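Below you'll find the structure, written out as structure tokens, and then a few comments.
Read-outs: derived from the displayed coordinates by stated rules, not from any lab. Every value quoted in this text rests on a predicted model; they were computed, and no experiment measured them. Using ideal geometry, Cβ is built from the backbone for each residue, glycine included, and neighbour counts are taken over all protein chains shown.
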Amino acid sequence: MNEKMSNSCKGKIVSEETKQKLSLINMGRKVSLESIEKTRLANLGKVSPMKGKHHTKEARFKLSIINKGKVSNMKGKHHTLETRKKISEMAIKQFKEKGHPMKGKHLTLEQKIRLKPYQFKKGHIPYSKGIPLTRERKEQISLQHSKDKCTFWQGGKSFEPYSIDWTRTLRRSIRERDNYLCMICLKYGYDVHHIDYNKKNCNPDNLITLCRGCHMKTNLNRSKWIAYFKRKP
């Protein structure tokens, strides 16, 4: 019956009343896996008609009215581990291919004004305020962000042993040479950093003084920081 209806309506403009009737007929029905696969194969390689376009203010307003009060299909549900893994893999792939979606773009003054209360969370009280974390919860959080689960993980480089030359005397001499100043922000610095990130290379030319904040910052984009320190006289 649905196939007959779809064939009869093909190429015709369907009225709002008919759309509402069809939505009521199909309400609560579950789409079979065969139908999903057919739809996927039919749309394979097709470009969305909305690609590169944006809804008008009127269209957005109409959509908001239509969807007002509707409950999301995912409410109270959670994605499976397989689905989450697929989503993360797709996001990483897109990020590598296209880069950050906001790269080279700038927010307009209107957007900045609109986002300001959300950025600074004016009047927002976190749900965990005043509730101390239990030891179990702390251990759980640490496990969730440890080793390869952490974004800063570099394959366990931090656990590599230093060379015999890495002594207190050497570190003190580097700090004195740099006048206890951070070579990035020129504030008080105490940490001694390896420019090429090789713990075995303790040549004074490969060591530099940094403050704690800048030292943490150099853990990201390592190739960029190596080039930066090599350019610096």
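Things to note:
- Counted charge near W225, where neighbours are those whose Cβ lies closer than 14 Å (Asp, Glu -1; Lys, Arg +1): +4
- Among residues other than R172 with Cβ under 13 Å from its Cβ, the summed charge is +1 (Lys and Arg +1, Asp and Glu -1).
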